[in-house]
Every structure is written in structure tokens, then in C-alpha cells.
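Step one of this worksheet: look at the structure below.
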Amino acid sequence: VMTFKLALLALCAASAAATTVIHLNPDVPIREQVDRQGWVYFQVDVPSGSGHPNFTLTVSSISGDPDLYVTCKGRGTPSSTNSLWHSRYYGDDSVDVFGTDSNYCPDAFVAGVYGFTNATFMVEAHFATPQPSFAWLVPDVPVSEQVARGEYVYYAVFAEGGDAVDITVTPRSGDPDLFVDCSPYPTLAHHRWRAWGTGVDTVRVNASESDACQGRYYISVYGFQASDFTLVATNHRQGEGTYLLVNQMEEGVAYRGQSEYFQFNMPLGVHSGIRFTVHPLTGDADLYIHCDYYPHALSQYTWHSAYAAGHDDSITIQNTDPSRCSSGSYKIAVHGFSYSVFQIEAEILSSSAPVALPSLRGESLRVTSE
């Protein structure tokens, strides 16, 4: 009997040790370790008299892969099967609970950090109120800003129905990440689209996507590191592009990883070859052409030219080319391999001597001999 009691006491003591909860004060990060398939538990009390301030709990990996599970005090020990919120990305994890969340904890949040591998990590809790404001972006107008490590800066941009939206954050220093949603204040834990690589991050949302936003896109730039950055949003009317005129130079801007679109229609009665040329003034812009649709994806093209920075990109389409656009209408994308200011022109070619043709503007233009 005595042996059984001692074994039972030892089991109870081990169970209590396994569920020891560390009290975590807001805005005071602490360093902890967790073994592979082990757990470490934390409790964060909601400040009295504060109502329901927005709550963020962040686990920053120093080594290994910790995962994060959160529930409310009194709802059992958090686990992979018992949590109201969780985050289990590789490396860093974060949970955001807005004050409007119907599951908001009345007294305290309880978190379990699970060791997917042996891991060393920093854990920090933060309450924020009131909601931060967001700034409206003007399409194609870059803004410059700073964000502290672990903080967000918020924006919004309006896009009409049928517009594709490109949102790009370019770091001048540090490492900012990009989160986009149809509701305000997207975060690491709550977003529809994200881009969080090292360097330039771009989110593109095509109007044809089933979860594309109706009008407003909300943007968060998150400081994975303290960062200086430039942010720009560009709307593209899908199915439309700037019309090119024969021998009429057009200037454009292609941001890294994005495309500027053009369309060219052969003048009536002209049955000659055509040459399209992109002259990069800065950076590296590449040229893609299709007959039926704009080359939104760089795999969707019939012709392309992608020389290195400092070189023109040129495509010549002869009248004898079996792939030429029988309708005479060419859809063109100038893609920014890097940020590029460029000029683009279309020239009509002929094997005969140059002749004068009427342009769309009623001016005289020249047909260039090949």
C-alpha cells in the first residue's frame, strides 16, 4: 500500500510539474526553452479596467521550431486539440486577438508553446488600445516609412472592380514583411495574402480570384526587423493596356516583380512586320507579347526578350511568322526584373522602300526597311 501511495504521489508531482505555468507580464519578453514534443505554459492576465484591448502574443525563435497554442484561463490546458487560437509556422509564431473577438478572454490568456523540435525562443505579450489608424495609399505613388521590430504600420488602397492590385514593399534597411486582407489590420495570424521573404516583397491579387476584395484592400507592413521601407500599390485594369502608336515613344515604370501593360493595333491596310523595343533608362525591364491576352504570368507569352540590365529588349514579328496576331492586335507586358523606368516603341517593317502611312493621330509616319 505504501509503495502504491508513493507511486501515486510521484505521478501527481510529475503531472503538476508538467503543467507549471509561467506568469508573463505585458511588454516584458522572456527567454525560454522547450524540448522536442515538450510543452512550456504561460499565463497573461488581462489588465483590470482596460476593457478588451487588442492582444498579441509573439514567440520568436532563437533556434529550432516552437509552435504556439492559446486559450482562456479556465478552459483547460492549451494543446494541439484544445486552443482558441494557434500559430504553427516554421520559426516565429504570433497570435493576435482583437477586442471584438467573441472568444476574448475575460480574465487571462493561457498559452502553450510546443516543441516541434528542440527550441530556444523569446516570448512576449502586448496589449494595444485603441486601434491604430491606417493611411490611404494613392495608386502608383510610393510612400516611405519606418517600422519597429515586431510592430505594424497600416495602410489601405481602393481598387475598382476588375482591377488587379500589386502591392510592393521595398526595404532600404532591415526586413519588412507584407500582409493584405479585405478587413482592416491584417497580421501574421489573420490575413488573406502575404509576402515575407528577404528583400522586396510583392503581393498581387487578380480580379478573377474568388477571394479578391470588393473595393478596399487593407495592408500591414510588419517589422521582422526594424526597417526603413518604401511601399507602393498599383492598380491594373485587366483586359486594358496603354495603346501604343506607330513610331510614338511611350514612357513607363515597372516595379520589381510587376508589369506595365500596353496594346498595339496594326493600322488598317498595313500587312508588314512589326518590331517592339523596350529601352531601359534605369534598371532592367523585360518584354513579353501575346495575341489574345496580357501576359500577366510570365509563362503566358508567345514572344519574349529578357536581356540583362543596360541592354534594350526587342522583338521582331515578321508578316510570315505563323504565330503573328491575325487580328493585328498585340498584348504587351513590360516586366520589371528590377525597378525600371523605360521607353517602349513600335515600328512597322517592310522589305520595300520606306513609305508614308497615316498614323492614328493623323500624322505622317515612316515604315522602316528591315
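The values are calculated or read from the model by the stated rules, or taken from the named source; none is laboratory data. In this text the structure is predicted, and so the values were computed from the model without any measurement. Cβ atoms come from the backbone with ideal geometry, glycine included; neighbour counts cover every protein chain shown. All accessible areas refer to the heavy atoms of the entire protein, side chains included, with ligands and DNA or RNA removed. Shrake-Rupley method; radii C 1.70, N 1.55, O 1.52, S 1.80 Å.
Only a single criterion out of (1) in a loop (DSSP other than H, G, I, E, B); (2) open to solvent by less than 40 Å² (accessible area, probe 1.4 Å); (3) charged (D, E, K, R) is not satisfied by residue 166, namely (1).
Picking from residues in segment 49-67 that are outside any strand (DSSP E or B) and closer than 20 Å to residue 185 by Cβ, the one that is modelled with the lowest pLDDT is 50.
Screening residue 139 with (1) open to solvent by 40 Å² or more (accessible area, probe 1.4 Å); (2) more than 16 Å from residue 203 (Cα to Cα); (3) assigned to a loop (DSSP other than H, G, I, E, B) gives one miss only, at (2). Being of a type in the set (Val, Ile, Thr) and open to solvent by 40 Å² or more (accessible area, probe 1.4 Å): is that true of residue 202 here? Yes: the conditions hold for residue 202.
Tell me whether segment 296-313 contains one or more residues that are open to solvent by less than 50 Å² (accessible area, probe 1.4 Å) and touching a Lys or Arg at 6+ places or on another chain (Cβ under 8 Å). Checked against the condition, which is being open to solvent by less than 50 Å² (accessible area, probe 1.4 Å) and touching a Lys or Arg at 6+ places or on another chain (Cβ under 8 Å), segment 296-313 yields no hits at all. Selection of segment 326-341 for residues being closer than 18 Å to residue 269 by Cβ and in contact with a strand residue (DSSP E or B) (Cβ under 8 Å, 6 or more places away or on another chain) yields 328, 329, 330.
When we screen 166, 177 for residues that are of a type outside the set (A, V, I, L, M) and more than 28 Å from residue 29 (Cα to Cα), the only hit is 166. Among the residues of segment 105-125, those identified as out of contact with any strand residue (DSSP E or B) (no Cβ under 6 Å at 6 or more places or on another chain) and either open to solvent by 60 Å² or more (accessible area, probe 1.4 Å) or within 17 Å of residue 53 (Cβ to Cβ) (or both) are 106, 107, 118.
Would you confirm whether any residue within segment 264-283 is closer than 30 Å to residue 216 by Cα, at pLDDT below 90 and either touching a helix residue (DSSP H, G or I) at 6+ places or on another chain (Cβ under 7 Å) or buried (at least 19 other Cβ atoms within 10 Å of the Cβ) (or both)? No, segment 264-283 has no match at all. With respect to being in contact (Cβ under 8 Å) with a residue 60 or more places away in the chain and open to solvent by 30 Å² or more (accessible area, probe 1.4 Å), residue 171 falls outside the description.
Report, by residue number, each residue of segment 34-52 that is under 16 Å from residue 106 (Cα atoms) and of a type in the set (Asp, Glu).
If we filter segment 34-52 for residues that are under 16 Å from residue 106 (Cα atoms), which is where we start, we get 43-52.
Of everything in segment 34-52, just one residue is under 16 Å from residue 106 (Cα atoms) and of a type in the set (Asp, Glu), namely 45.
Within the option set 227, 259, 220, being polar (S, T, N, Q), surrounded by 17 or more Cβ atoms within 10 Å (Cβ to Cβ), touching a Phe, Trp or Tyr at 6+ places or on another chain (Cβ under 6 Å) and touching a residue at least 40 places away in the same chain (Cβ under 8 Å) holds for one residue only, 220.
The set of residues from segment 41-63 being more than 13 Å from residue 126 (Cβ to Cβ) and open to solvent by 30 Å² or more (accessible area, probe 1.4 Å) comprises 43, 45, 48, 49, 51, 52, 61, 62, 63. Residues in segment 178-196 that are open to solvent by 30 Å² or more (accessible area, probe 1.4 Å) and more than 9 Å from the chain's Cα centre (by Cα) were compared, and the one that is nearest to residue 92 (Cα to Cα) is 189.
Among the residues of segment 145-160, those identified as open to solvent by 60 Å² or more (accessible area, probe 1.4 Å), within 30 Å of residue 61 (Cβ to Cβ) and assigned to a strand (DSSP E or B) are 145, 146.
Restricting attention to segment 188-232, which residues are part of a strand (DSSP E or B) and among the aromatic types (Phe, Trp, Tyr)?
We begin by selecting, within segment 188-232, every residue part of a strand (DSSP E or B); these are 193-195, 201-205, 216-223, 227-232.
Of everything in segment 188-232, those that are part of a strand (DSSP E or B) and among the aromatic types (Phe, Trp, Tyr) turn out to be 193, 217, 218, 222, 229.
Test residue 90 against the criterion of being surrounded by 14 or more Cβ atoms within 10 Å (Cβ to Cβ) and either part of a strand (DSSP E or B) or among the hydroxyl-bearing types (Ser, Thr, Tyr) (or both), and give yes or no. Against the criterion (surrounded by 14 or more Cβ atoms within 10 Å (Cβ to Cβ) and either part of a strand (DSSP E or B) or among the hydroxyl-bearing types (Ser, Thr, Tyr) (or both)), residue 90 does not qualify.
Residue count for segment 284-304 satisfying the condition of being free of Cβ contacts under 8 Å to residues at least 60 places away in the same chain and farther than 17 Å from residue 250 by Cβ: 14. With the condition kept exactly as written, say whether any residue in segment 69-79 is under 17 Å from residue 27 (Cα atoms) and in contact with a Phe, Trp or Tyr (Cβ under 8 Å, 6 or more places away or on another chain). Checked against the condition, which is being under 17 Å from residue 27 (Cα atoms) and in contact with a Phe, Trp or Tyr (Cβ under 8 Å, 6 or more places away or on another chain), segment 69-79 yields no hits at all.
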